[in-house]
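Just below is one structure, and these are the notes that go with it.
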Amino acid sequence: MHKLLTGAFLAACTYGMSAPAMADPMADAKDIIAEHEKMPVFEPPGEAFDAKACMKDKKVLSIPISMTIPFNVELQKAMASAAAEVGFTYTTWDNQLKVDQWIQGVSQAISQKYDALDIAGGLNPEVLGPQLSEARSAGLKISTTHLYDITQEQFGGVDYSAKVDFSGAGKLLAAWAYVKTGGKPNVLIVGSSDVLPSIPFVKAIQSELTALCPDCTQKHLDVPVSEWATKIQPGVQSALIADSGINFVLPIYDSMSQFVFPALRITGSEGAVKIASFNGTPFVLDMLREGQVDMDIGESLGWAGYAAIDNIMRMICGQPSVAKLNVPLLIFDEKNVKTAGVPANFNDGYGDAHLGGFRKLWKLN
């Protein structure tokens, strides 16, 4: 898979030279936040097309990085539901994060004469370069779902990519920390550069903080996914002890929060130091409801599944690819977190505008 880093590192960064000063940074930051506090509305990602006619007798096989990850289970469930509405064969290739299982999935798609192969939920297609080349030679179209940031170029062995606005989430996290600290953020960003979109995600946070507050302090703790459980808590503790002025921790993926919060409690920073993150994972939304997390940017996986199928169908049907996965980013905080369910789930709280929107877009009504 991706190249893993050998350890975690902490870099102190005080930016003050590179970004032009904003005329009214507080107003700008509040505008970013306000835009993502609204109930999501459906915006068509492209032209309408007759999906049922185009997809008649078509078959799509999707290989997620692992079906042991709840995120992928929910995303695949939504993609299967969207495919069923249109009326074409959709198969999820079950696997447990093993390369040989991914390779078997590609072979299955070729031998069973599927029309398209989707590489989903964080699986880097470069790992399967030779196999995807064979699939394309056999006539399959190749897509990725929920992998690349909108700023990243896709792998040459891929036809279409449903990219995610990780950069937009980064700007929103920066704006939140800026506003909630009264324009005086001292931020610890916790990233994982072994995950493909993490580098532009972290860069977006850093750049937006620099633009909002050129003299404010930000630090970056980088921890590979395989070491989250062992390296995040001591890394955050060390940072808090070294700099008692830190007032926000921004773990870029919200599942990291389960390792961040104990560090706050152990160092006596609970309450004084806030956590804000991205993904809308149910157990983290439950942490938010219990006061352990300040804010979480959510994305409806039901909506994401329909948006992913939309892009796959556009690939098969000869329509232009969408610029990004049509999934709004919604702020969950103490004011609205209960709308995500008690306990929280992946889909409540976002409304259902996507259902009617995609049906109309696909001419199913």
5 Å is the cut-off here: which amide hydrogens, built 1.01 Å from N in the peptide plane, fall below it relative to S161, excluding neighbours closer than 5 in sequence?
T144
Counting only heavy atoms of protein chains, what accessible area per residue, in Å², does the chain have with a probe of 1.4 Å?
41
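Taking a 1.4 Å probe, which of L361, L196 shows the most accessible area, and what order do the others take after it? Display every interim value, and only then the final one.
Working: L361 10, L196 45 Å².
Result of the area sort, largest leading: L196, L361.
Looking at the square roots a ≥ b ≥ c of the eigenvalues of the Cα gyration tensor of region 54-142, which shape do they give, rounded for a/c under 1.5, prolate if a/b is larger than b/c, or oblate? Numbers along the way, then the final one.
Numbers: a/c = 2.09, a/b = 1.05, b/c = 2.00.
Here region 54-142 falls in the oblate category.
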Largest to smallest principal axis extent of the C-alpha atoms in region 155-289, angstrom
50, 33, 28
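Per DSSP H run of n ≥ 4, the term is -39500 (n - 2.57); total these for the chain, divide by its residue number, and report the mean residue ellipticity at 222 nm rounded to 500 deg cm²/dmol. Intermediate results must be reported in sequence, preceding the final value.
Working: 12 runs with 138 residues, N = 365.
Using -39500 (n - 2.57) per qualifying helix, the result is -11500 deg cm²/dmol.
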Whole-Hz Karplus ³J(HN,Hα) for region 47-61, in order, using 6.51 cos²θ - 1.76 cosθ + 1.60 and θ = phi - 60°, x for Gly and Pro?
6, 5, 8, 7, 5, 4, 5, 5, 8, 4, 6, 8, 10, 10, 10
Counting only DSSP beta bridges with both residues in the chain, what percent are antiparallel, rounded to the nearest 5?
20
Calc'd 3J(HN,Hα), region 105-119, phi into Karplus 6.51 cos²θ - 1.76 cosθ + 1.60 (θ = phi - 60°), Hz, glycine/Pro = x, comes to x, 4, 4, 4, 4, 6, 5, 8, 6, 6, 8, 8, 10, 10, 9
Using a 1.4 Å probe and ignoring any ligands, DNA or RNA, find the accessible area of E43 and quote it in Å² to the nearest 10.
120
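Using a 1.4 Å probe and counting only protein heavy atoms, arrange K59, K338, K363 so the residue with the most accessible area comes first.
Most to least solvent-accessible, the answer reads K338, K363, K59.
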Within region 254-306, report the GluC sites (Glu not before Pro) that DSSP leaves as loop and that have at most 14 other Cβ atoms within 10 Å.
E290
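Restrict the search to region 80-168; then list the trypsin sites (Lys or Arg not before Pro) that DSSP places in a loop and that have at most 15 other Cβ atoms within 10 Å of their Cβ. Show your work: numbers first, answer last.
On the way: sites: K98, K113, R136, K141, K163; in loops: K98, K113.
Those that pass, being in a loop and sparsely packed, are K98, K113.
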Taking the alpha-carbon distance from K360 and a cut-off under 26 Å, which lysines remain once sequence neighbours fewer than 8 residues away in the same chain are dropped?
K38, K52, K56, K58, K59, K77, K141, K163, K324
From largest accessible area down, sort S226, S143; use a 1.4 Å probe on the protein chains.
S226, S143
Candidates [x] 23.3; [y] 19.8; [z] 21.2; which is the computed Kirkwood radius over Cα pairs in Å?
[z]
In degrees from 0 to 90, rounded to the nearest 10, what is the angle of the helix 301-317 Cα long axis to the longest principal axis of the chain?
40
The helix 233-242 Cα axis meets the longest alpha-carbon principal axis of the chain at an angle in degrees, between 0 and 90 and rounded to 10, of 30
Reported to the nearest 10 Å², T68 has, with a 1.4 Å probe, an accessible area equal to 90
How big is the accessible area of T92 in square angstrom, nearest 10, if you roll a 1.4 angstrom probe over the protein chains?
50
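In region 109-204, what GluC sites (Glu not before Pro) fall in a loop by DSSP, with at most 13 other Cβ atoms inside 10 Å?
Working: sites: E126, E134, E153; in loops: E153.
Passing both the DSSP loop test and the Cβ count: E153.
Accessible area of the chain with a 1.4 Å probe: how many percent of it is carbon plus sulfur?
On the way: 7880 of 15000 Å².
Heavy-atom surface of the chain belonging to carbon and sulfur, 1.4 Å probe: 53 percent.
The values are calculated or read from the model by the stated rules, or taken from the named source; none is laboratory data. Here the structure is a predicted model, which is why all the values come from computation and not from measurement. Neighbour counts run over all protein chains shown; Cβ positions are idealised from the backbone, glycine included. To get the accessible areas, we keep the full protein, side chains included, count just its heavy atoms, and leave off ligands, DNA and RNA. Shrake-Rupley method; radii C 1.70, N 1.55, O 1.52, S 1.80 Å.
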